[in-house]
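Asks: Quick one: structure below, then a few questions.
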Amino acid sequence: MSVEEELKEIKELCELCNNCSLGETRTNIVFSDGVPNHKLMLIGEAPGYNEDMQGKPFVGKAGQLLDKIFESVGLSREKDIYICNTLKCRPPNNRDPLPEEKEACRAFLDAQIEILKPKIILLCGKVALTSMLNTSSGITKVRGQWFEGPYGSLMMPIFHPSYLLRNESHEKGSPKWLMWQDIKEVKRVYDSL
Ligand code: URA
């Protein structure tokens, strides 16, 4: 089976999933977008309103900013990135995912990682960070650092674009400026692989 077929099989299982109560309130599952690239995967938090309606991750304002950030270093979801979330269903009112929801959804994320075996995994925001790294450090402390990930991958926590939308400044040391440093480092390693 090809990678695409394996992912399709998992997506079909996900569409039937009722492992937690979000199965009752979702409009669509939000499984992934972008290309099944073995080099770069991004894991976000959970679908919001727009994502739930369209069945695609990061299509709202935060997603548009994320696309712009990647485009600034010549990367795009059409060519280079596989994008998914920690949770495949929208938590009502965009509340934080509950531990039991993360637990119920974990097998889907693990399967995506196992099938793709991406070389770089970006942990976008604190939910992805705490799901993938056993750390009590906040995102501000660990963003921009490389950690060992599954299947020999390199994982880097990065700020969530929603956080960047709430922080206007582009000044040196600001969250947007730090994100720009991190994404340049990601591109440097991406090109070296
Ligand atoms: N925020 C996320 O973390 N994921 C999405 O898909 C949309 C917004």
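The numbers here are math on the coordinates, done by the rules we state, and not lab data. Quantities reported herein were computed from a predicted structural model and do not represent experimental measurements.
Asks: Can you give me the C-alpha center-to-center distance between segment 11-74 and segment 99-145, rounded to a whole angstrom?
Replies: Answer, in whole Å: 14.
Asks: Oh, and also: Given Cα pairs under 8 Å that are at least 6 residues apart, what percent is the relative contact order of segment 109-193?
Replies: Values: 91 pairs, mean separation 23.3, N = 85.
About 27 percent, as a whole number.
Asks: Now for a separate question. For segment 53-189, what's the relative contact order in percent, using C-alpha pairs closer than 8 Å and at least 6 residues apart?
Replies: 22 percent
Asks: Continuing with the same structure: To check my understanding: the extent here is largest minus smallest coordinate of the Cα atoms along each principal axis. What are those three numbers for segment 56-193, in Å, largest first?
Replies: 40, 36, 32
Asks: Between S136 and E4, what length comes free when the chain is fully extended (0.36 nm per residue of separation minus the Cα-Cα distance, one decimal in nm)?
Replies: 44.0 nm
Asks: Lysines within cross-link reach of K102: Cα-Cα under 20 Å, excluding same-chain residues under 8 positions apart?
Replies: K102 reaches K11, K56, K88, K126.
Asks: If amide hydrogens are placed 1.01 Å from N in the peptide plane, which non-local residues have theirs closer than 5 Å to the one on K119?
Replies: When sequence neighbours closer than 5 places are left aside, the close amide H contacts are K39, L40.
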